[in-house]
Amino acid sequence: MRTLRHCWHPVAYAHAITDAPCASMLLGEPLVLWRDANGRIRVLRDACVHRGTALSLGRVEAGEIVCPYHGWRYDTEGRCTRIPQLQEPGRVPPKARVDCFRAQEKHGLIWVALEEPRWELPQIPEFEDPKWKVVRTGPFAWNCDASRQLENFTDFGHFAFVHPGLLGDPAKPVVVPYTVEIEGPVVRYSYGRPDQKNTDSFPVFTEAERKDELRRTRYAIHLPFTLVEHIDWGDADGLVYLFVSQPVDEDHCIGYCLVARNYNFDQPDAVMQEFERTIFGQDQRIVESQRPSIVPFDAQAEMHLKFDAVAMSYRRATREQGLD
């Protein structure tokens, strides 16, 4: 996991973090998050240096987080500023501090890097454009590694069998040829397939007049666990997905999925949210059954066919970047 510490990872939806402490977990590292007086995200290791108590159980006072066990106070950089049990509470030993981590707010998420990050986060102009509406879905907590959750999101072969009537048709299971390109830490590919009609329960796709019945999708995987997906039907209407998985530890992950669209602005967010809850629920039982629970990045570990080109490229790019 050491190399993954040098990447940005999501740890929460931005709207969920306030000036009250919030617990999260990243790569087995316990974190506490809160907003300071200026609204800036602060992240420390969620363990008091004194007895290892979770700081997230405490409170924030005057911009500092207070341990619930003995009242030790820490500033936004992790330095202990006050120990109430001392005759002079402000005379704090220099070693009394906890780790502080980099954080940023982008695309409606809070991202954390445990070490100096190697790459910037992808730009998604549609998320900043008032002509597009963004809907938060999830989060989706699964009992598997983040690599399995991400790779499932890119698999074309399962649509007809896991999502019949919603994303695929069992009578049309063939995966048509496509190409994949690896550009350093980014894997790009495009895919066109016959579209599935809206259902009465989930009218989430455009109903505009179309040139044809083909759904065109352009994908970009930004290593290790971020996917940006652009969908259109040959006209002006489109969808943009941001999916990213939080690697909690090797057996647990949390997926965040934000969907932007430039149509159906009046539709309640609950429709898209329930659609994604259904899709992710269908996927979850399958992916959690996979063994091992982490993607085996050894090219010989599983059987691959030509239509698995995305998975093979994702695994190859991950190996080349030393993230396997």
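The values are calculated or read from the model by the stated rules, or taken from the named source; none is laboratory data. Model, not experiment: these values are computed from the prediction. Please note: Cβ atoms are built from the backbone with ideal geometry, for glycine as well, and neighbour counts cover all protein chains shown.
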### Query
Quick one: residue 62 ticks every box in (1) in the same structural domain as residue 264 (by TED's automatic domain parsing); (2) modelled with pLDDT under 95 bar one, so which box is it?
(1)
### Query
Which condition breaks for residue 96 when tested against (1) within 25 Å of residue 248 (Cβ to Cβ); (2) surrounded by 14 or more Cβ atoms within 10 Å (Cβ to Cβ)?
(1)
## Note on the structure
The lone condition residue 37 fails out of (1) modelled with pLDDT of 95 or more; (2) in a loop (DSSP other than H, G, I, E, B); (3) over 23 Å from the mean Cα position of the chain (by Cα) is (1)
#### Entry: residue 148, sole failed condition from (1) in a strand (DSSP E or B); (2) surrounded by 15 or more Cβ atoms within 10 Å (Cβ to Cβ); (3) not assigned by TED's automatic domain parsing to the domain that holds residue 50
(1)
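Is it the case that some residue within segment 293-312 is among the basic types (Lys, Arg) and in contact (Cβ under 8 Å) with a residue 60 or more places away in the chain? If you could, list the steps in order and put the result at the bottom.
Initially, segment 293-312 is screened for residues among the basic types (Lys, Arg), giving 306.
If we keep only those that are in contact (Cβ under 8 Å) with a residue 60 or more places away in the chain too, we end up with 306.
The answer is yes; a qualifying residue exists.
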### Residue that is modelled with the highest pLDDT, among those in segment 219-233 that are within 21 Å of residue 178 (Cα to Cα) and not in a strand (DSSP E or B)
223
#### Entry: Filtered residues of segment 297-324 (kept if part of a loop (DSSP other than H, G, I, E, B) and either surrounded by 14 or more Cβ atoms within 10 Å (Cβ to Cβ) or in contact with a Pro (Cβ under 8 Å, 6 or more places away or on another chain) (or both))
297, 302, 321, 323, 324
### Task
Quickly run through segment 178-198 and pick out the residues that are under 18 Å from residue 231 (Cα atoms) and either part of a loop (DSSP other than H, G, I, E, B) or modelled with pLDDT of 90 or more (or both).
178, 179, 180, 187, 188, 189, 190, 195, 196, 197, 198
## Note on the structure
Here the residues within segment 222-245 that are closer than 19 Å to residue 321 by Cβ and not small (Gly, Ala, Ser) are 222, 223, 224, 225, 226, 227, 228, 244
### Query
Where residues in segment 40-75 are charged (D, E, K, R) and not in a strand (DSSP E or B), which of them is farthest from residue 253 (Cα to Cα)?
75
### Message
Condition first: free of Cβ contacts under 8 Å to residues at least 40 places away in the same chain, closer than 28 Å to residue 31 by Cα and either β-branched (Val, Ile, Thr) or not in a strand (DSSP E or B) (or both). Now tell me which residues in segment 234-284 satisfy that.
### Response
281
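Looking at 321, 284, which one is on the phi < 0 side of the Ramachandran plot, touching a Gly at 6+ places or on another chain (Cβ under 8 Å) and among the polar types (S, T, N, Q)?
On the way: 284 fails: touching a Gly at 6+ places or on another chain (Cβ under 8 Å).
Selected residue: 321, the only one of 321, 284 that is on the phi < 0 side of the Ramachandran plot, touching a Gly at 6+ places or on another chain (Cβ under 8 Å) and among the polar types (S, T, N, Q).
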